[in-house]
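For reference, the structure discussed in these notes is given below.
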Amino acid sequence: MGQSRARIRGDGELNARLRNRLHAACALVLVAGFALAAWIYASADDGPDLSGAYQIVVVDGVPQPIAPNESKAYMRDIQRYGGKTAVLFDEISRWWSSLWRGKSLALTVAFLTLVLSAGILLITAWLPDDAAPEQAGE
């Protein structure tokens, strides 16, 4: 009636089309991710971040933050209330939160872009090239 016949393709052709699409997606992820990382790096301000400062000292009219891990009083209080584990988790938490600010964010985005595109390439490597050949006599 009004229905058109679908073209029957082999699995090899489907895998080739999927592989091409995944390669295009990988390229798109790389271009978009590195463009975003470059834009973040260019527009990021690595000035002193006063939000996480334990103390702020003004030197020549410029505020200089003192990070909590640079203060003996803060470290002593953390160790007193939570032990060495609390000090370790405080350092890990501050490192993790530093990855998401300023120019470090651009490097984090670039690294995540590489990981994601490598994952897409691994998926394309696991795709079979062609359909399994049918054995004669069956």
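Laboratory data are not the source of any read-out in this text; all were calculated from the coordinates shown. All figures in this text were calculated on a predicted structure; none of them were measured in a lab. With ideal geometry, Cβ positions are generated from the backbone for all residues, glycine too; neighbour counts draw on all protein chains shown.
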Legend entry - Convex hull volume per residue for region 54-136, taking Cα atoms only, in Å³: 121
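Going by how many other beta carbons lie within 10 Å of each one, how would you line up S104, S97, fewest first? Please report the intermediate quantities before stating the final value.
Working: S104 17, S97 11.
Fewest-to-most ranking of S104, S97: S97, S104.
Rounded to the nearest 0.05, what FRET efficiency is calculated for W126 and D60 with R0 set to 41 Å and r the Cβ-Cβ distance?
Details: r = 60 Å, r/R0 = 1.46.
After rounding to 0.05, the efficiency reads 0.10.
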Legend entry - At R0 = 41 Å, FRET efficiency that the Cβ-Cβ distance of R80 and V115 yields, to 0.05: 0.55
Inset, instruction - Please arrange T124, T113, T85 by counting, for each residue, the other beta carbons lying within 10 Å of its beta carbon, fewest first. - result: T85, T124, T113
Inset, instruction - Work out how much length L36 to V87 would gain on full extension: take 0.36 nm times their residue separation and subtract the Cα-Cα distance, in nm to one decimal. - result: 14.9 nm
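How large is the Kirkwood hydrodynamic radius of region 86-130, counting all unique pairs of alpha carbons, in Å?
12.9
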